[in-house]
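Asks: Quick one: the structure is below, questions incoming.
The values are calculated or read from the model by the stated rules, or taken from the named source; none is laboratory data. None of the values given here were measured: they were computed from a predicted structure. FYI the Cβ positions are ideal-geometry reconstructions off the backbone, even for glycines, and counts take in every protein chain you see.
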Amino acid sequence: MQPQFCVLLCGSVLSLQFLLKVKTTRAVAKAEEEKEVPVQGVIDFLVSEHPIAQVLRDHVVFKIVPMLNPDGVYLGNYRCSLMGFDLNRHWQEPSLWAHPTLHAVKQLIVQMNQDPKVSLEFYIDVHAHSTMMNGFMYGNVFEEEERVQRQAVFPRLLCHNAPDFSFSSTSFNRDVVKAGTGRRFLGGLLDDSSYCYTLEVSFYSYIMAGSSAPVPYTEDTYDTVEQKKLSSSKSMVQGPGG
């Protein structure tokens, strides 16, 4: 069976990108170092002996880029790299000189996409959000209704599995200002079997369904809710009866 891939990225305002073949990236911004905690929770869970983690390892190749903006984060920049670029607006034409980490990751994804042995299923770009609560997603807008419906499945699974995730805060858009983001660019580059999202997680707290009391995020709650989100990945990989 052809392996699936997931890419996880964490960027400059912290960015986690998740591709099934899974590809992930982290920390794009200093303010989003909080997002390194859930990403660490993802890694810890994936290498654990938990039955769901074992299923995911059996079916999915995870590629994790731990930091997209190490210089900017080290200097304490809020969104920008050492040279003053918001890396999550330069996916269309990243420069080897000005955006070297972005350039390298984009090349990797393009190579994976061109490899007939690779089934690149998901790209998830994870960020910390400074004003909204809960976890939520941004997705792309497509003309085909069937693709629109398929794209909504994963956020709905997250809402079902993770108590902090809000489907009502999730939105699908193609704003011009977001054209240079990884989600928008890769949504146009990859074929219609791939899913591209931005996953946002609040800096602060979340409100559970049926409650009005905010629950502060801690390292433990970040870890727990991210592990529950991975349960949604298992559902996507195996299907309801898997």
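Asks: Pairs needed: first member in segment 188-215, under 18 Å from Asn88 (Cα atoms); second member anywhere, at pLDDT 90 or above and among the small types (Gly, Ala, Ser); C-beta distance under 6 Å; at least 6 residues apart or different chains.
Replies: Cys196/Gly187; Tyr197/Gly139; Val201/Gly135
Asks: Moving on. Out of the residues in segment 206-220 meeting the condition of being small (Gly, Ala, Ser) and modelled with pLDDT under 90, tell me which one is farthest from Ser169 (Cα to Cα).
Replies: Gly210
Asks: When residues of segment 143-170 are filtered for being part of a loop (DSSP other than H, G, I, E, B), more than 16 Å from the chain's Cα centre (by Cα) and touching a residue at least 40 places away in the same chain (Cβ under 8 Å), how many remain?
Replies: Selection size over segment 143-170: 2.
Asks: Considering every residue within segment 28-45, establish whether at least one is small (Gly, Ala, Ser) and at pLDDT below 65.
Replies: yes
Asks: If you don't mind, there's one more thing I want to ask. Given the conditions (1) hydrophobic (A, V, I, L, M, F, W, C); (2) exposed (fewer than 13 other Cβ atoms within 10 Å of the Cβ); (3) more than 22 Å from His129 (Cα to Cα), which single one is not true for Ala213?
Replies: In the conditions (1) hydrophobic (A, V, I, L, M, F, W, C); (2) exposed (fewer than 13 other Cβ atoms within 10 Å of the Cβ); (3) more than 22 Å from His129 (Cα to Cα), Ala213 misses (3) alone.
Asks: Being closer than 22 Å to Glu226 by Cβ and part of a helix (DSSP H, G or I) is the filter here, so list the residues in segment 171-208 that pass it.
Replies: Matches in segment 171-208: Gly182, Arg183, Leu186.
Asks: In segment 138-168, what residues are within 14 Å of Gly187 (Cβ to Cβ) and in contact with a helix residue (DSSP H, G or I) (Cβ under 7 Å, 6 or more places away or on another chain)?
Replies: Hits for segment 138-168 are Tyr138, Gly139, Asn140, Phe142, Phe154.
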